[in-house]
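I have placed the structure first, in the form of structure tokens, so that the comments after it can refer back to it.
The values are calculated or read from the model by the stated rules, or taken from the named source; none is laboratory data. Source: prediction; values computed, not measured. Cβ sites come from the backbone with ideal geometry, for glycine too, and all protein chains shown count toward neighbours.
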Amino acid sequence: MNYFELFQLPQRMELDAALLSQHYLQLQRRFHPDNFANASERDRRQSVQQAALINDAFQTLKHPLRRAEYLLQCRGIDLKHEQQSFQDPVFLMQQMELREQLAEIATAPEQTQVLQQQLEQELQQGQQQLHNELSQALEQQSETGNQQAASLLRKLKFFDKLQQELEFIEQQR
Amino acid sequence: MALLQIAEPGQSSAPHQHKLAAGIDLGTTNSLVATVRSGEAQILLGSDDQPMVSSAVRFVSADQTDIGQSALDAAVFDAENTILSVKRFMGRGFAEIANQAEQLPYQLVDQSGLLALQTRQGVKNPVEVSAEILKRLHDIATEHLAGELAGVVITVPAYFDDAQRQATKDAARLAGLNVLRLLNEPTAAALAYGLDSGQEGVVAVYDLGGGTFDISILRLQKGVFEVLATGGNSALGGDDFDQAIVGWLLEQTGETERSAQSLREYKLLARRLKEQLSKAEQADFVLPLGDDEFRGSFDRATFENLIQPLVRKTLLACKSAVRDAGLQLDEVLSVVMVGGSTRVPLVRQQVAELFGQEPLTTIDPDQVVALGAAIQANVLVGNKSEQDTLLLDVIPLSLGLETMGGLVEKIIPRNTVIPVAKAQEFTTFKDGQTAMAIHVLQGERELVADNRSLARFELHGIPPMPAGGAHIRVTFQVDADGLLHVTAQEKSSGVVASIEVKPSYGLTDEQIMSMITGSMQHAKADMQKRMLLEQQVEAGRVLEAVHAALASDGHLLEMEERKRIELHLAELQQQRQGQDGEAIKLAIERVNNSTDQFAALRMDQSIRNALKGHKVDEV
């Protein structure tokens, strides 16, 4: 049973978030270890495993990047263990520039307010566009579509990393 | 859901029988026990008619132990043998506390890395001292309820790490209590408020107790209590307010020679002054000074100046917890105040300012946690037939592994919903390597040295292979109590590697067993009796669960398989009547083995039904 089946949702990128959390809570109500506080040891162990699986499934489907990666995995493309080098000079150039901006924000805190907003906006725009393309590619349900999606996903992971680092810098203040 | 009421394993299909359950707030300064009677949670009073038992344990003589107020009173003249605020020492290493040794009136002992105290009754570790408090609460409960407790819920600060939670559970075991669940204190408080007023929305629980500060951001909706984020400080509380006052008093009197006794006097005075200033603007005091005495007066402004930095720390933690929850301060619907230290006016005022609203204080801040725990204990023990609440908790600190160069690689980030399981693959780096060491840490920092060591695991029995040939899959599982369990398996051969756990700041199973044995006079016979009783209870649970499963889902089985199961059940039924604990244990294992497949089938079916049932309902 894969995660989409577990929550009885169609195996697609587009997803009804409200229905996902509704089904998630329903399953947890049933399988959470608190329901088994008085049960036999084996049943308690089993409920912990089950509840952990439901939690993991929920987190995977909830986050768009992880959902896309999982969807590709269901279609036989595993991004987790790949060591592929990146072949898109234009994209790499753009990433390097964004990274320089990030370094600037980290080292020169006085004049960063504007820089920061600028970078945030750039990151958001870049991600938004890639996300749209990703959804379209995945909807094609074809081999080329999947390969395209995998490459978009790799790019999005770069953006995600930048985003996290920016948030980390903000939190340090 | 009504259309598909399948009896779940463990949910009794027999007619309902009210079971005795209690909620316990094992606090730094005070401890309480509560229960639900006639649908209402109430505190059970001690023999002195007080709701709170002072968390004070005094080892009076070789065979007499005092707990509560009388012990607290004796603290002034018998400081060394009177343990106060033991909760601060739970799950702590000797080295972690040694730097405070000067301020503590105890003789600290290094018990193979763990902190312990030298007392009149010999060396006592914090688990044993806490067990004394729990035993007292246990007695209060059984006396009031006139019967044995089926189970208890014990609260812990949300900020407690694995070692501290494990120590709490060990203490309960030592006190002979069956722990249904360790519950986070703020969750318990929200439970007490939530069920009373049926609130929905985001709630912040500000819990400033004697020794710990917790801030938790919860979301309450339709019976679901979801912890969004927690933060705080496990070494900040009202005791630090007292400490600040003590410092001020010492400045005033100019006294430099400090005996354990005078230090204790200062401390008690500080606590009294603090309490007075919650209502009055000024408080006078007299302190003995040599042959003379010192008269002085302490006012609100001085007090607030002293504690302002401490209160500020709590506000910063509030801000970052709200941010962790992905919210803004003004999205918090209400603020619940917990812990005696929230009676301090400055605390209330500053919390109100931060959140832009008056915090809730309608339930006694000292009792609210125990009341919430009692409500949850009542549900968990099975006294409420409908499961209308669901508590989703998170892990308070990240779990990580030591990697090359003394760095930590996070495997489960903090604020992940529990239970959670993460698998990580390891490989050997030498030909024929058969063992491997894994170091698990808890904390947010990058360097091993800056985090708290949780445990070291040694994997043995890896089949010899060329370097990189063995793939060992190690699964880290955190249960609903926030406790870590580790299993490992070599993938290509399927060999389950054995794991030797060396908790960095905890007790091994053997140590606990020997503590249990040591505390009893007819140790061996008692141990056997206890084991027999435990196995009989477990046998009862297994029999009930499997019978219920067969009744509802027997059709999933082949005739042959069903016969085999029934045979093992009959055998277990028979062993259960006997007096051989070991034989019952084996019979349980046989039933479990023969029903593994069946349990998996039912689980699959149950998952499908859980959602299907709802759809039928909705139509």
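Looking for something more than 24 Å from B:Val394 (Cβ to Cβ), surrounded by 16 or more Cβ atoms within 10 Å (Cβ to Cβ) and out of contact with any helix residue (DSSP H, G or I) (no Cβ under 8 Å at 6 or more places or on another chain) - is there at least one such residue anywhere in segment B:440-455? Among the residues of segment B:440-455, not one is more than 24 Å from B:Val394 (Cβ to Cβ), surrounded by 16 or more Cβ atoms within 10 Å (Cβ to Cβ) and out of contact with any helix residue (DSSP H, G or I) (no Cβ under 8 Å at 6 or more places or on another chain), which makes the answer no. For segment B:171-194, the set of residues classified as in contact with a Lys or Arg (Cβ under 6 Å, 6 or more places away or on another chain) and assigned to a loop (DSSP other than H, G, I, E, B) consists of B:Ala175 only. B:Val286 fulfils the conditions (1) exposed (fewer than 14 other Cβ atoms within 10 Å of the Cβ); (2) at pLDDT below 90; (3) not in a strand (DSSP E or B) except for a single criterion, (3). Is it the case that some residue within segment B:21-36 is modelled with pLDDT of 90 or more, in a loop (DSSP other than H, G, I, E, B) and over 21 Å from B:Ala235 (Cα atoms)? So far as segment B:21-36 goes, no, none of its residues is modelled with pLDDT of 90 or more, in a loop (DSSP other than H, G, I, E, B) and over 21 Å from B:Ala235 (Cα atoms). Is it true that B:Ser498 is surrounded by fewer than 16 Cβ atoms within 10 Å (Cβ to Cβ), at pLDDT 70 or above and more than 25 Å from the chain's Cα centre (by Cα)? It is false that B:Ser498 is surrounded by fewer than 16 Cβ atoms within 10 Å (Cβ to Cβ), at pLDDT 70 or above and more than 25 Å from the chain's Cα centre (by Cα). Checking segment B:295-309 against the condition returns a match, with at least one residue being in contact (Cβ under 8 Å) with a residue 12 or more places away in the chain, aliphatic (A, V, I, L, M) and closer than 29 Å to B:Asn184 by Cα. Of B:Lys135, B:Lys87, B:Lys124, all but one fail to be under 24 Å from the mean Cα position of the chain (by Cα), modelled with pLDDT of 85 or more, over 21 Å from B:Asp25 (Cβ atoms) and charged (D, E, K, R); the exception is B:Lys124.
The rows are residues; the columns are (1) out of contact with any strand residue (DSSP E or B) (no Cβ under 6 Å at 6 or more places or on another chain); (2) not basic (Lys, Arg).
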position	(1), (2)
B:Ala437	no, yes
B:Val440	no, yes
B:Arg452	no, no
B:His460	no, yes
B:Pro466	yes, yes
B:Leu484	no, yes
B:Ala488	no, yes
B:Lys491	no, no
B:Gly494	yes, yes
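Only one entry in B:Leu407, B:Leu354, B:Leu391, B:Leu346 is among the hydrophobic types (A, V, I, L, M, F, W, C) and either out of contact with any helix residue (DSSP H, G or I) (no Cβ under 9 Å at 6 or more places or on another chain) or within 29 Å of B:Glu40 (Cα to Cα) (or both), namely B:Leu391.
Checked against (1) closer than 30 Å to B:Val542 by Cα; (2) charged (D, E, K, R); (3) more than 14 Å from chain B (Cβ to nearest Cβ), A:Arg42 meets all criteria but (3).
Among the residues making up segment B:332-353, those that are surrounded by fewer than 20 Cβ atoms within 10 Å (Cβ to Cβ) and either free of Cβ contacts under 8 Å to residues at least 60 places away in the same chain or in contact with a strand residue (DSSP E or B) (Cβ under 6 Å, 6 or more places away or on another chain) (or both) are B:Leu333, B:Ser334, B:Leu346, B:Arg348, B:Gln349, B:Gln350, B:Ala352, B:Glu353. Across segment A:13-39, which residue is surrounded by the most Cβ atoms within 10 Å (Cβ to Cβ) among those that are within 12 Å of chain B (Cβ to nearest Cβ), touching a residue at least 24 places away in the same chain (Cβ under 8 Å) and over 30 Å from B:Gly151 (Cβ atoms)? Of everything passing the filter in segment A:13-39, A:Leu20 is surrounded by the most Cβ atoms within 10 Å (Cβ to Cβ). Can you tell me how many residues in segment A:9-63 are in a helix (DSSP H, G or I), within 20 Å of the chain's Cα centre (by Cα) and among the aliphatic types (A, V, I, L, M)? Count: 9. Within segment B:418-442, the set of residues being of a type in the set (Lys, Arg), farther than 13 Å from B:Leu484 by Cβ and within 14 Å of chain A (Cβ to nearest Cβ) is empty. Please go through segment B:31-62 and pick out each residue that is more than 24 Å from B:Ala189 (Cα to Cα) and touching a residue at least 24 places away in the same chain (Cβ under 8 Å). Result: B:Ser47, B:Val57, B:Arg58, B:Phe59, B:Val60, B:Ser61, B:Ala62.
Looking at (1) surrounded by fewer than 18 Cβ atoms within 10 Å (Cβ to Cβ); (2) within 14 Å of another protein chain (Cβ to nearest Cβ); (3) of a type in the set (S, T, N, Q), which is the one condition that is false for B:Gln489? Condition (2) is where B:Gln489 drops out. Look at B:Arg58 and say whether it is at pLDDT 85 or above, more than 23 Å from the chain's Cα centre (by Cα), of a type in the set (Lys, Arg) and surrounded by fewer than 24 Cβ atoms within 10 Å (Cβ to Cβ). Taking the combined requirement at face value, the residue does not satisfy it.
Among the residues of segment B:383-391, is there at least one that is more than 14 Å from chain A (Cβ to nearest Cβ) and not charged (D, E, K, R)? Looking for residues that are more than 14 Å from chain A (Cβ to nearest Cβ) and not charged (D, E, K, R), one finds none in segment B:383-391, hence no. Here B:Val202, B:Val224 are screened, and the one residue that is more than 16 Å from the chain's Cα centre (by Cα) and either away from chain A (no Cβ under 14 Å) or crowded, with 22+ Cβ neighbours inside 10 Å (or both) is B:Val202.
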